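The values are calculated or read from the model by the stated rules, or taken from the named source; none is laboratory data. Computed from a predicted structure; not experimentally measured. We place every Cβ from the backbone using ideal geometry, glycine too, and count neighbours over all the protein chains shown.
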């Protein structure tokens, strides 16, 4: 009888520990999915702001900490003081379509120092889109050796 009780307790402890590990793994996966969705939403929002003319290419570059839609002048907007910090990088390149520029916007979450046992879990997303940039936003293209001697491109 004692052997049956010990075996039942051992099975219960084993099943409980498996459930705890599976639940912890599930919550970790949900957190990674949430971070990935936030970085995708931020990239789409910043690219939409660029396309609408609310920001320029130079204003997008660098670190950014705030909520999506922070372009609104609202002093009551509550931003988490210890929320994520994002790094936004924008690159442009010529496209084969007249008047359109390929804009590549990369948003990366900057993770604070983590302990030796923790791996940084920062999300990153790159969004590429063809768009018509205004003259004030257009960056100067670097002259490549392969382009020497070719006719000039005029949008």
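State yes or no: is residue 127 surrounded by 10 or more Cβ atoms within 10 Å (Cβ to Cβ), modelled with pLDDT of 85 or more and over 23 Å from the mean Cα position of the chain (by Cα)? Judged against the criteria, residue 127 is not a match. When 13, 39, 6 are screened for being under 30 Å from residue 104 (Cα atoms) and either assigned to a helix (DSSP H, G or I) or out of contact with any helix residue (DSSP H, G or I) (no Cβ under 8 Å at 6 or more places or on another chain) (or both), only 39 passes. Hey, does segment 77-99 have a residue that's in a loop (DSSP other than H, G, I, E, B), touching a strand residue (DSSP E or B) at 6+ places or on another chain (Cβ under 8 Å) and at pLDDT below 80? The answer is yes, given that some residue of segment 77-99 is in a loop (DSSP other than H, G, I, E, B), touching a strand residue (DSSP E or B) at 6+ places or on another chain (Cβ under 8 Å) and at pLDDT below 80.
Scan segment 94-110 for residues that are over 10 Å from the mean Cα position of the chain (by Cα) and in contact (Cβ under 8 Å) with a residue 12 or more places away in the chain and the total you get is 10. Would it be correct to say that residue 29 is at pLDDT below 90 and either in contact with a strand residue (DSSP E or B) (Cβ under 7 Å, 6 or more places away or on another chain) or closer than 25 Å to residue 125 by Cα (or both)? Taking the combined requirement at face value, the residue does not satisfy it.
If you go through segment 32-46, how many residues are in contact (Cβ under 8 Å) with a residue 40 or more places away in the chain and either within 8 Å of the chain's Cα centre (by Cα) or surrounded by fewer than 20 Cβ atoms within 10 Å (Cβ to Cβ) (or both)?
9
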